[in-house]
Amino acid sequence: MIKTSRDRMTDAALFEEAPDVFWKGVAERLKWMTLPSEISDVSFDKDDLHIRWYADGTLNVAENCVDRHAEARPDDTAILWIGDEPGTSKEISWRELHHEVCHMANVLKARGVGRGDRVILYMPMIPEAAYAMLACARIGAVHSVVFGGFSPEALASRIEDCGAVAVITADEGRRGGKTVPLKANVDAALARVSGVRLVLTVQVTGKDIHFVHGRDYWWHEAREEVPTDCPTEEMSAEDPLFILYTSGSTGKPKGVLHTSGGYLAWASYTHDMIFQCDPGDVYWCAADVGWITGHSYIVYGPLANGITTVMFEGVPTWPDAGRFWAEIERHKVNVLYTAPTAIRSLMKDGDSFVTKYDRSSLKVLGSVGEPINPEAWRWYHEVAGDGKVPIVDTWWQTETGGVLISPIPGDPMTKPGAATKPMPGIKTALLDQDAKPIEGAGNGSLVLTSSWPGQMRTVYGDHQRFIDTYFSAFPGNYFTSDGARRDEDGDIWITGRVDDVINVSGHRMGTAEVESALVAHEAVAEAAVVGYPHDIKGQGIWCYVILKAGHTSHDSLGKELRQQVRTEIGPVATPDVIQIAPGLPKTRSGKIMRRILRKIAEGETSSLGDTSTLAEPEIVDVLIRGAEGER
Ligand code: 6R9
């Protein structure tokens with residue numbers, strides 16, 4: 001039986017009184033091969049930065065997420081897969097999950113993949129994606145899942161950065177009635193980088209694909225050749241579990257590294273506390289495994305807790321806006337966890353798509369990925385949840401491994417849009433520009449003043465970047481790059497990123513990444529990208545583009561530039577507005593004044609602030625007029 005811990009006040013009090021006892025309890029949710037005697041060894045001092053949790057403990061993450069439940073309840077459902085095509089679904093029992101994970105692990109081992117090797121997963125939302133993650137965990141390999149919506153270029157740079165030896169993919173992915181050429185993209189990526197010795201392909205659509213002899217294998221064939229049983233590797237709590245690339249303020253995505261013991265303990269603890277599921281419940285996180293939400297709350301958290309987790313191959317709006325609610329009725333889903341962008345896109349199609357289905361099974365509705373606007377929160381609560389179901393607005397990041405600030409079911413629900421209170425064990429502060437803590441109500445930069453087990457340990461291959469990015473702005477603290485407000489009751493409201501990261505449909509994107517994709521086009525001299533409010537996506541991508549001398553704007557240029565970004569990054573980064581401009585507002589020292597570009601894109605031109613330091617103030621009016629034409 002998994003230990004549960006769902007009383008926030010009791011846990012918070014325990015943490016205050018005896019933090020080590022609290023953290024020991026969090027660790028004891030897991031099955032250890034050697035129970036850790038050490039709790040943590042942490043310093044946020046940038047000259048001596050280190051973060052270690054439960055370091056003398058050993059365990060295997062796959063044993064925790066699979067074997068212990070396969071022994072206790074082999075016939076219960078571990079994964080409920082819901083296919084893109086309405087009406088298709090498959091239940092995978094814990095026994096089957098064990099069987100498949102062992103097979104996949106043995107296929108990897110048979111081809112020389114082992115402890116510490118990096119394996120890229122570029123997969124659709126099929127159960128094999130979970131098998132692959134858990135197979136890596138079983139043999140001590142480190143997975144790095146790359147979202148299936150990323151381009152071959154983006155895939156290649158991740159393969160190269162982590163030095164992957166194997167790629168697991170599918171012939172094609174299916175999503176919203178369309179297909180995605182995953183294996184062809186892998187081939188294109190592998191034409192650019194070396195080091196990959198194995199490509200394992202899952203057959204999904206049956207599309208003809210190209211195979212390289214001696215490197216490429218079908219999963220369904222390879223699995224027939226290996227034994228069913230695969231022992232688990234004994235891993236240290238601090239051994240890496242996975243790398244996940246995420247955007248920051250520079251052009252190059254960071255490989256966020258998470259380790260085994262602390263990450264899993266935190267994913268398990270928060271999943272239990274926030275969603276409060278019992279065995280037999282059906283829990284549905286509608287994210288993609290390519291994002292951290294899919295890692296912690298589709299795969300690791302719920303499976304560690306022995307909870308039936310839904311894997312959904314499709315999209316919320318196909319074939320129509322009733323898709324979520326139809327599946328909730330069909331499978332008696334108890335928890336739905338999705339992003340505000342999905343909620344907003346469903347809202348606009350009207351309530352009848354929701355109300356015609358029976359949603360009485362729902363116990364908790366969760367939100368993640370971006371600030372939820374009060375209007376969407378109310379609709380989620382009142383329409384989707386019939387005014388009865390609690391909403392948990394969970395704030396966290398790829399870097400934090402699991403949720404850090406959130407309400408839990410049972411909390412009074414009076415504040416649409418507030419992430420409310422830190423989880424037990426989490427110490428936050430709001431700092432002003434001089435790094436002084438803001439006491440009581442006020443606005444500031446959100447930092448964590450102490451560590452928690454699910455915290456990232458480093459940027460893969462670039463520890464200095466880890467230190468510079470997170471521990472330099474406010475020495476002695478982890479800086480989230482989010483701003484936040486604390487109200488009179490002490491509740492926290494996340495106000496959004498304060499760096500050059502935008503949040504498009506819940507997807508994190510560095511404006512610098514989009515800029516470098518644009519300037520890769522032969523006609524572009526310079527580009528500046530900002531986010532602007534977008535009804536559905538939360539933020540849209542507005543690009544100011546300066547052409548090289550001798551190039552003029554023409555009808556298809558916008559299309560070409562959009563395509564350019566899709567090729568370099570992927571469809572998730574497709575620009576919404578491309579404004580061809582004669583120049584950019586720059587300071588005399590040549591710094592682009594992004595604040596002004598943001599205001600222009602937002603249409604807030606009456607409050608541009610001081611423009612007197614600009615090298616060419618006249619450019620502002622030209623940009624404002626140009627922007628009106630785009631809106
Ligand atoms: C889990 C995830 C992290 C950034 C984060 C913040 C924003 C996430 C939020 C939220 C307001 C919430 N964010 N959850 N903002 N309220 N409930 O999304 O990770 O992709 O790394 O994005 O997303 O700005 O800094 P990731």
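The values are calculated or read from the model by the stated rules, or taken from the named source; none is laboratory data. Everything quoted here is computed from the prediction, not taken from an experiment. Cβ atoms come from the backbone with ideal geometry, glycine included; neighbour counts cover every protein chain shown. To get the accessible areas, we keep the full protein, side chains included, count just its heavy atoms, and leave off ligands, DNA and RNA. Shrake-Rupley method; radii C 1.70, N 1.55, O 1.52, S 1.80 Å.
A few notes on this one:
- Residues of region 568-593 that turn out to be in a helix (DSSP H, G or I) and surrounded by fewer than 16 Cβ atoms within 10 Å (Cβ to Cβ), as a count: 1
- Looking only at region 26-38, residues that are crowded, with 21+ Cβ neighbours inside 10 Å and either assigned to a strand (DSSP E or B) or in contact with a strand residue (DSSP E or B) (Cβ under 9 Å, 6 or more places away or on another chain) (or both) come to 3 in all.
- Of the criteria (1) within 30 Å of F147 (Cα to Cα); (2) of a type outside the set (F, W, Y); (3) open to solvent by less than 40 Å² (accessible area, probe 1.4 Å); (4) away from the ligand (no atom under 12 Å from the Cβ), which one I405 fails: (4)
- Among the residues making up region 495-512, a single one is in a strand (DSSP E or B), out of contact with any Lys or Arg (no Cβ under 8 Å at 6 or more places or on another chain), open to solvent by 20 Å² or more (accessible area, probe 1.4 Å) and not basic (K, R): H507.
- All conditions in (1) among the hydroxyl-bearing types (S, T, Y); (2) touching a helix residue (DSSP H, G or I) at 6+ places or on another chain (Cβ under 7 Å); (3) open to solvent by 10 Å² or more (accessible area, probe 1.4 Å); (4) assigned to a helix (DSSP H, G or I) hold for T293, with the sole exception of (2).
A quick yes/no check of all residues on (1) part of a helix (DSSP H, G or I); (2) at positive phi; (3) in contact with a His (Cβ under 9 Å, 6 or more places away or on another chain):
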| position | (1), (2), (3) |
| --- | --- |
| V42 | no, no, yes |
| D48 | no, no, no |
| R52 | no, no, no |
| D56 | no, no, no |
| C65 | yes, no, no |
| R68 | yes, no, no |
| D75 | no, no, no |
| L80 | no, no, yes |
| I92 | no, no, no |
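- Of F474, F479, F466, all but one fail to be farther than 24 Å from G262 by Cα and aromatic (F, W, Y); the exception is F474.
- Flag for K591 being over 35 Å from the mean Cα position of the chain (by Cα) and at pLDDT below 95: no
- V364 among the hydrophobic types (A, V, I, L, M, F, W, C) and away from the ligand (no atom under 16 Å from the Cβ): no
- A549 being open to solvent by less than 20 Å² (accessible area, probe 1.4 Å) and within 19 Å of L623 (Cα to Cα): no
- Region 422-435: number of residues that are of a type outside the set (A, V, I, L, M) and touching a strand residue (DSSP E or B) at 6+ places or on another chain (Cβ under 7 Å): 4
- Per the listing T420, T398, the residue uniquely closer than 30 Å to Y460 by Cβ and within 13 Å of the ligand (Cβ to nearest atom) is T398.
- Of all residue pairs spaced 6 or more apart or on separate chains, those with beta-carbon atoms under 6 Å, a first member in region 603-622 that is in contact (Cβ under 8 Å) with a residue 24 or more places away in the chain and a second member that is surrounded by 12 or more Cβ atoms within 10 Å (Cβ to Cβ) and of a type in the set (D, E, K, R) are A615/K586.
- Selection status of V565, among the β-branched types (V, I, T), closer than 28 Å to L182 by Cα and within 16 Å of the ligand (Cβ to nearest atom): no
- Pair list, Cβ under 7 Å, 6 or more apart: region 396-407 residue without any contact (Cβ under 8 Å) to a residue 60 or more places away in the chain and over 17 Å from W291 (Cβ atoms), other residue open to solvent by less than 10 Å² (accessible area, probe 1.4 Å) and more than 8 Å from the ligand (Cβ to nearest atom): P407/V392
- Lone unmet requirement of (1) out of contact with any Ser or Thr (no Cβ under 7 Å at 6 or more places or on another chain); (2) surrounded by fewer than 23 Cβ atoms within 10 Å (Cβ to Cβ) for D171: (1)
- Looking only at region 528-539, residues that are open to solvent by less than 10 Å² (accessible area, probe 1.4 Å), more than 16 Å from the ligand (Cβ to nearest atom) and either closer than 15 Å to T574 by Cβ or part of a loop (DSSP other than H, G, I, E, B) (or both) come to 1 in all.
- The C-beta contact set for region 501-519 (first residue more than 9 Å from the ligand (Cβ to nearest atom), second residue assigned to a helix (DSSP H, G or I) and of a type in the set (D, E, K, R), distance under 7 angstrom, 6+ apart or interchain) comprises A517/E568.
- Region 440-490: number of residues that are more than 16 Å from the ligand (Cβ to nearest atom), open to solvent by 30 Å² or more (accessible area, probe 1.4 Å) and among the aliphatic types (A, V, I, L, M): 1
- Residues in region 383-395 that are β-branched (V, I, T) and within 16 Å of the ligand (Cβ to nearest atom): I391, V392, T394.
- Taking strands (runs of 3 or more DSSP E) as the structural unit, those lying wholly within region 175-275 and holding at least 2 residues that are open to solvent by 60 Å² or more (accessible area, probe 1.4 Å) and more than 16 Å from the ligand (Cβ to nearest atom) correspond to 178-180.
- Residues that are of a type in the set (A, V, I, L, M, F, W, C) and under 22 Å from M104 (Cα atoms), drawn from region 168-183: I168, A170, L182
- Scan of region 342-361 for residues that are in contact (Cβ under 8 Å) with a residue 40 or more places away in the chain, open to solvent by less than 40 Å² (accessible area, probe 1.4 Å) and either within 11 Å of the ligand (Cβ to nearest atom) or part of a loop (DSSP other than H, G, I, E, B) (or both), ordered by number: S361
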